[in-house]
1. What's the FRET efficiency of B:Glu80 with A:Ser88 using the Cβ-Cβ distance as r and R₀ = 41 Å, to the nearest 0.05?
2. Given segment A:11-87, report the % of alpha carbon pairs whose separation exceeds 15 Å.
3. Find the percent of Cα-Cα distances in segment B:333-418 that exceed 15 Å, and round it to a whole number.
4. Give me the distance between the Cα centres of segment B:290-312 and segment A:202-229, rounded to whole Å.
5. Restricting things to Cα coordinates, could you compute the convex hull volume per residue of chain A in Å³?
6. Between segment B:417-473 and segment B:181-215, what is the C-alpha centre distance in whole Å?
7. How many Cβ atoms of partner chains, on average, are near each residue of B:460-468 if near means within 10 Å of its Cβ?
8. Debye sum, Cα scatterers, the protein assembly as shown, no solvent: what log₁₀ I/I(0) at q = 0.08 1/Å?
Amino acid sequence: MTYYLARRMLSFALTLFAVSIVVFAAMNVLPGDPALTILGLDATEDALAALREQLGLNAPLVTRYFLWVGHALTGDFGVSHSFGVPVSELIGERLPLTVSLALSGIVLTVVLALALGVGAAANHGKAGDWGVMFLSQIGIAIPAFWLSMLLVILFAVKLRWFPPGGFPGWGEPLDAMRSLVLPTVALALVQSAVLARVTRSSVLEVMRQDYVRTARATGFSHRRVLWLHVLPNALVPIVTIVGMQFAALVTGTIVIENVFYLPGLGRLIFQSISNRDLPTVQALVMLFAAIVVTANFVVDLVYVLIDPRLKSRA
Amino acid sequence: MTRLHGSFLTFAATLALGLGAGAGGALAASSIVIGLQQEPTNLDPTADATASIDGMLTQNVYESLTIVSESGEVLPALAESWTVSEDGLVYTFNLVQGAKYHDGTDFDSADVVFAFSRAMAEDSVNPSKSIFKPIDTVTAPDAHTVVITLTRKDAFFLFNMAQGDASIVAEESADGNNATPVGTGPFKFDGWTRGDRLTLVKNSDWRGAGDVALDKVEFRFISDAAAATAAMMSEELDAYPAFPAPELLPQFEADPRFKVEVGSTEGEVILAMNNSKPPFDNVEVRRAISYAINRDEIIDGAMYGQALPIGSFYPPHGPAYVDLTGLYPHDAEKAKAMFEEAGVAGTTMTLRVPPFPYATRSAEIIQAELADAGVDVKVENVEWGFWIDEIYKKKNYDMTIIAHTAPNDMGNFARGPGYFYGYDDATFTALWDEIQTEADPDKRNDLLKKGQEYLADQAVHGFLFQMPRLSVLKTGVDGFWASAPVLYQPLAGVSVN
């Protein structure tokens with residue numbers, strides 16, 4: 001297990017190192033000039049030169065890369081070119097919202113998908129099964145931003161149950177939660193459609209195995225067999241997909257936060273790329289990469305928990 | 001982009017069908033919530049060109065020596081009066097007395113000297129540093145007088161001094177203005193939740209505070225047009241003064257809870273051509289393109305009819321405007337013959353378009369119109385950062401579509417071959433020098449007319465339309481400018497009933 005963890009940590013570090021080179025190179029070869037973006041089209045040459053000097057854009061690329069990595073290793077991600085405040089402060093302000101959104105999104109995804117997927121499998125070939133399959137097909141086909149707009153029209157503009165967007169801050173917890181309902185639903189519906197289908201086929205496969213028939217034959221109720229004997233053994237593919245979906249949910253917040261104008265990391269990365277705010281984009285991409293790699297790592301650990309046979313292999 | 005646009009239309013249709021009910025939410029009479037498309041990343045208008053900094057803060061939190069009215073007239077602000085010497089080179093400003101910055105420090109002539117020295121310094125990052133170029137010296141003979149001496153006459157000097165770039169910032173607070181703006185204006189900065197909102201509160205110490213109706217102003221940053229529509233419809237917002245989507249206006253016009261105002265801006269939308277690159281260095285080719293384009297069709301298709309056509313580079317609401325839209329009446333056959341004569345018929349031109357709806361929609365129509373005249377146009381949609389670098393900086397383009405939003409910007413055509421127009425014309429440069437230094441308004445207007453006629457004759461670009469200002473306001477919100485002669489919107493005169 002220690003060897004396994006060490007190997008995982010090494011691969012974690014190597015992945016982030018590779019990401020750091022890619023994001024740094026990409027942001028620096030991407031056409032665009034941070035100074036011109038900030039000062040606009042009427043800026044004079046000497047004002048642009050003064051700003052480039054201020055932002056440290058005149059040093060050679062390799063020097064800038066190592067300066068950036070060196071500082072990042074000590075936790076210093078530099079100062080945002082466009083905001084003029086430390087990147088860590090920008091991220092700190094916005095992280096809680098995006099994390100809340102991604103977590104509530106994954107919880108709703110899993111709850112919906114397990115209920116629908118197991119329900120469909122239990123009613124295999126009947127109307128309920130077809131209904132779930134049909135709805136999930138639609139769910140997969142709908143783009144999240146379009147679904148968001150429909151939700152806003154119905155629940156914010158017409159019924160006025162929830163605000164159409166914005167976030168009042170955690171200082172007002174009830175309003176804050178209300179404002180996260182529609183974004184969470186928009187994020188989770190599409191993902192749960194995918195997961196429900198996976199759950200259904202995985203449960204169906206396990207239901208065909210001999211021990212299930214044996215369990216049923218010993219007189220356990222249908223429901224008990226389904227949730228206590230079938231589901232735990234069907235979990236491995238489900239957890240794999242959940243891990244991948246968590247990554248999709250975190251990146252999906254970019255679209256959702258823009259549609260619901262929420263002040264989270266997704267909106268920050270969008271704004272920073274348009275502004276060619278190199279330090280902020282670099283730090284955010286590193287953060288997103290770290291979240292995805294960590295999610296995969298957690299999935300691996302969960303495998304061991306749900307399937308003890310994997311422990312010896314690890 | 002096309003997909004997003006399609007979804008807006010679906011959204012609009014759904015709204016038009018489904019709505020109209022919804023009771024009006026009550027609102028404290030002294031506060032207002034205003035929607036803005038663009039969030040700035042910096043709150044200092046003397047260090048960042050983002051238009052929404054001026055839209056929120058210039059002449060509200062910050063003040064300048066002068067202020068421009070809705071009709072474009074220059075009025076007193078921190079300078080309560082001024083005199084200009086006979087030769088037009090020495091401006092003596094008498095400053096208001098007793099004004100204070102929001103942090104409690106006093107305003108006097110030393111602040112003016114500081115603000116100008118900072119903007120003109122060698123390491124200045126002022127986005128409009130060029131407006132300070134004619135200034136020779138700035139001195140303060142006493143605490144309430146400032147004397148500015150110019151090296152040459154500048155007809156736009158008082159107008160330029162009314163801009164956010166010329167805000168009078170204080171030495172004590174200037175460095176912190178990027179995040180916590182401090183000025184002398186009618187509203188104090190209250191807070192900024194980045195990515196969400198910015199709030200101002202009334203400054204009761206301001207010299208005209210008695211006439212200011214609003215106690216609190218909240219700006220919300222909503223860039224997506226459909227989201228902005230939903231926010232207005234659900235009455236989260238009281239006003240959206242520069243609404244980005246003309247196609248979504250009819251549902252507001254049909255709803256008694258709202259009013260729509262259509263005004264003008266200083267933004268000329270042009271089909272810019274790279275005059276330094278063949279075949280666009282040939283005036284006949286540029287004229288042929290002018291014949292090929294049909295402004296009415298472009299305005300209907302790209303702006304849903306909500307814009308005025310222009311035949312040169314000057315706004316239709318300006319005092320010196322001449323209507324030159326009839327100079328090259330739309331005639332595809334004539335354009336075709338001219339293209340054949342110039343040897344460009346059947347060739348392919350590239351049109352690189354920035355990611356703004358007015359530009360992407362105009363591009364598709366222009367592409368079809370030039371195809372009718374026998375020229376293939378390849379449309380490339382590019383991202384804004386790419387546009388700035390490849391087109392603006394490196395002049396790596398044939399044609400592009402862009403709105404020039406600055407006032408008095410005909411001087412762009414005198415910026416020489418280095419500017420992205422690639423246009424270098426001694427005749428126009430001499431004319432612009434005359435315009436800039438002509439202090440008499442009537443004579444200056446005559447020269448500006450000449451300038452418009454010359455640029456239209458040379459068909460330097462395809463001149464398309466004047467960008468409209470479309471405002472959606474809740475009924476009872478008064479005092480917003482319908483037209484925008486400058487980038488700011490003074491809120492001292494706005495009220496909510």
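Read-outs throughout are calculated quantities, based only on the coordinates presented, and are distinct from any laboratory measurement. The structure displayed is predicted, hence computed values, not measured ones. No Cβ is skipped: glycine too gets one built from the backbone with ideal geometry, and neighbour counts run over all protein chains shown.
1. On the way: r = 46 Å, r/R0 = 1.12.
The formula returns an efficiency of 0.35 here.
2. Details: 1881 of 2926 pairs.
The answer is 64 percent, as a whole percent.
3. Numbers: 2364 of 3655 pairs.
The proportion of pairs with Cα distances above 15 Å equals 65 percent.
4. After rounding, the separation between the Cα centres reads 70 Å.
5. Details: hull volume 55.2 nm³, N = 314.
Here the figure is 176 Å³ per residue.
6. So the separation of the two Cα centres works out to 37 Å.
7. Values: counts 0, 0, 0, 0, 0, 0, 0, 0, 0.
Rounded to a whole number, the mean comes out at 0.
8. Once normalised to I(0) and log-transformed, intensities are -0.79.
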